[in-house]
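**Q** Sharing a structure with you now.
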Amino acid sequence: ERRERERKLSKEMAERATKELEKMQLQEKAEVKYKEWLKKKRAEEAEKKKKEKEKEKEREAELQEKKARAEKIFKEWLHTAKNKPRPVLNGYGFSHRNSTGLYYTCVVT
């Protein structure tokens with residue numbers, strides 16, 4: 001009877017030890033998987049930040065290019081505007097070769 005109890009106790013102890021060992025192995029696997037997942041996630045975040053920086057640089061380059069183009073066009077316009085003939089002002093009471101308003105009465109009388 002005593003031997004049988006000892007056998008049962010040793011059997012139970014062995015089962016507990018194997019369960020503990022399995023539990024520890026499972027925990028280690030979970031830790032390894034978590035570390036891999038975390039590493040992958042950080043790599044994805046780094047890639048995302050890198051892409052955002054590249055897009056920002058692209059936008060800035062486009063804006064700079066647009067600004068330079070606009071400045072160039074404005075300078076060309078300034079240069080050509082100096083050489084263009086000025087329109088004749090509608091002064092002296094004449095508009096399109098017809099007399100207008102107040103000056104009309106002066107011319108007629």
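**Q** Read through the list (1) under 47 Å from the mean Cα position of the chain (by Cα); (2) modelled with pLDDT under 95, then give the number of the only condition that Glu65 fails.
**A** Looking at each condition in turn, Glu65 falls short on (2).
The rows are residues; the columns are (1) at pLDDT below 95; (2) surrounded by 10 or more Cβ atoms within 10 Å (Cβ to Cβ); (3) over 38 Å from the mean Cα position of the chain (by Cα).
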| site | (1), (2), (3) |
| --- | --- |
| Glu28 | no, yes, yes |
| Glu36 | no, yes, no |
| Glu54 | no, yes, no |
| Glu58 | no, yes, no |
| Ser99 | yes, yes, yes |
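**Q** Looking at region 79-93, is at least one residue open to solvent by less than 100 Å² (accessible area, probe 1.4 Å), modelled with pLDDT under 65 and not in a helix (DSSP H, G or I)? I'd like the intermediate steps shown before the answer.
**A** Here is the first cut: in region 79-93, the ones open to solvent by less than 100 Å² (accessible area, probe 1.4 Å) are 80-81, 91, 93.
In the following step, the residues that additionally are modelled with pLDDT under 65 were identified as 91, 93.
In the following step, the residues that additionally are not in a helix (DSSP H, G or I) were identified as 91, 93.
Yes, region 79-93 contains at least one residue that is open to solvent by less than 100 Å² (accessible area, probe 1.4 Å), modelled with pLDDT under 65 and not in a helix (DSSP H, G or I).
**Q** Looking only at region 38-52, count how many residues are open to solvent by 100 Å² or more (accessible area, probe 1.4 Å) and among the small types (Gly, Ala, Ser). If you could, list the steps in order and put the result at the bottom.
**A** Narrowing region 38-52 to residues open to solvent by 100 Å² or more (accessible area, probe 1.4 Å): 39-40, 42, 45, 48-52.
Still in the list and also among the small types (Gly, Ala, Ser): none.
Selection size over region 38-52: 0.
The values are calculated or read from the model by the stated rules, or taken from the named source; none is laboratory data. Quantities reported herein were computed from a predicted structural model and do not represent experimental measurements. Virtual Cβ from ideal backbone geometry, glycine too; neighbours counted across all protein chains shown. Surface accessibility is based on the protein's heavy atoms, side chains included, excluding ligands, DNA and RNA. Shrake-Rupley method; radii C 1.70, N 1.55, O 1.52, S 1.80 Å.
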